Amino acid sequence: MFKITDLRELIRAVDRSNIDELIVKGENNEKVEIRKKGAQVVGTDQLEAVSTPQVEVATQPTTPPAPQPQTVAPTQVEVKAEEPPAPAATADENLHKITSPMVGTFYGAPSPDADNYVKKGDKVTKDSVVCIVEAMKLMNELEAEVEGEIVEVLVENGQLVEYGQPLFLVKA
């Protein structure tokens with residue numbers, strides 16, 4: 001049986017990421033599906049315009065169980081979160097995006113107590129390590145692959161990142 005604290009943690013992780021759907025299978029043929037519902041757009045004539053993604057959680061067994069006296073209805077949980085600020089749009093054609101080559105967790109420093117590899121305003125070379133993306137307990141160092149200046153760091157330390165997601169903007 002899934003613990004409510006584990007479910008809450010999964011909901012928060014999905015809500016903070018770009019993942020739209022997550023399916024987890026438990027040890028006792030239990031299955032948890034977490035899906036984001038599309039953001040709801042509020043009219044511009046209202047005083048407060050809020051876009052809140054909703055997360056739906058349904059628990060169900062993966063195989064049909066033997067008849068039992070108790071039945072559990074699917075659980076729905078609604079999560080409200082603020083949209084992360086969108087990066088500033090620039091018309092500069094010399095900007096290069098350093099993107100994530102895999103799905104994983106972004107780390108800006110080699111260890112929790114160390115300084116970040118790079119920050120806004122730092123100069124990088126093609127061989128400069130800019131971050132680590134952890135995937136399946138493997139720490140993968142990412143290199144800038146371009147020379148220039150870090151204009152913007154687009155993700156936060158510990159954030160889940162998707163394949164191809166921009167991590168940094170570099171002015172070449």
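Each value in this text was obtained by applying a stated rule to the coordinates, not by laboratory testing. Note that the coordinates shown come from a computational prediction; the quantities given were computed from them, not determined experimentally. Ideal geometry is used to build each Cβ from the backbone, glycine not excepted, and the neighbour counts take in all protein chains shown.
Some points to look at:
- For the range 104-126, the tally of residues that are in contact with a Gly (Cβ under 7 Å, 6 or more places away or on another chain) and either of a type in the set (D, E, K, R) or surrounded by fewer than 19 Cβ atoms within 10 Å (Cβ to Cβ) (or both) stands at 2.
- Enumerated strands (runs of 3 or more DSSP E) restricted to the range 127-169, each holding at least 2 residues that are free of Cβ contacts under 8 Å to residues at least 40 places away in the same chain and buried (at least 18 other Cβ atoms within 10 Å of the Cβ): 129-135
- Subset of the range 125-172 [among the acidic types (Asp, Glu) and within 15 Å of Pro101 (Cα to Cα)]: Glu134, Glu141, Glu143, Glu145, Glu162
- Sole exception among (1) farther than 17 Å from Ser17 by Cβ; (2) part of a loop (DSSP other than H, G, I, E, B) for Met102, by number: (1)
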